[in-house]
Amino acid sequence: MKNKKGYIRIIEAVFAILIIMGAVLVLISGNLKHSDISKEVYDKQKYILEVISNNEQMRNEIVNGQTTLTNQFIEKSIPKIWGFSTCVTDIDKVCNNAQKNDKNVYVSETIISSSLTSYTISKKLRFFVWEK
């Protein structure tokens, strides 16, 4: 009779450990879904804005207030799971063009000025990124 009580206690302890491990695994898997991508997004935005500011054709387009070529380049450069929008304004103006208010929106900006051959007013390019 005493041996049966020992086996029952061992089985109870094993079940308790399994329940605790299951709860820990559920908590850990819940935290993995909300991974932080901000560093990756900001690094990619910095790279894209640097390429745009060094490309004379895209700079001229932005200085003229257009973003067609720039948006095509950005679309090819970012992952498909990210959405984006751009906004070109004067330096002293505020641009709030983020389209996804219910998600985390990452914003970077750069100032695009004239080239060596022509002088025009400088523009600010603001670049918004979010997860789709």
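The values are calculated or read from the model by the stated rules, or taken from the named source; none is laboratory data. Keep in mind that this is a model prediction, so the values were computed, not measured. Every residue, glycine among them, receives a Cβ derived from its backbone with ideal geometry; neighbour counts consider all protein chains shown.
Please go through segment 5-55 and give me each residue that is within 30 Å of S114 (Cβ to Cβ) and out of contact with any helix residue (DSSP H, G or I) (no Cβ under 9 Å at 6 or more places or on another chain), ordered by number. Before the answer, list the steps.
Kept after step one, since they are within 30 Å of S114 (Cβ to Cβ), are these residues of segment 5-55: 41-55.
V41, Y42, D43, Q45, K46, L49, E50, N54 - these are the residues of segment 5-55 that are within 30 Å of S114 (Cβ to Cβ) and out of contact with any helix residue (DSSP H, G or I) (no Cβ under 9 Å at 6 or more places or on another chain).
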For Q57: the one exception among (1) at pLDDT 90 or above; (2) assigned to a helix (DSSP H, G or I); (3) surrounded by fewer than 16 Cβ atoms within 10 Å (Cβ to Cβ): (1)
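Being modelled with pLDDT under 90, exposed (fewer than 12 other Cβ atoms within 10 Å of the Cβ) and part of a helix (DSSP H, G or I) narrows it down to one of K5, K93, K76, so name that one. Give the derivation first.
Values: K93 fails: part of a helix (DSSP H, G or I); K76 fails: modelled with pLDDT under 90.
Step by step, each of K5, K93, K76 is checked, and only K5 is modelled with pLDDT under 90, exposed (fewer than 12 other Cβ atoms within 10 Å of the Cβ) and part of a helix (DSSP H, G or I).
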Qualifying residue in segment 56-72 (condition: in the same structural domain as S114 (by TED's automatic domain parsing), of a type outside the set (V, I, T) and closer than 22 Å to V105 by Cβ): yes
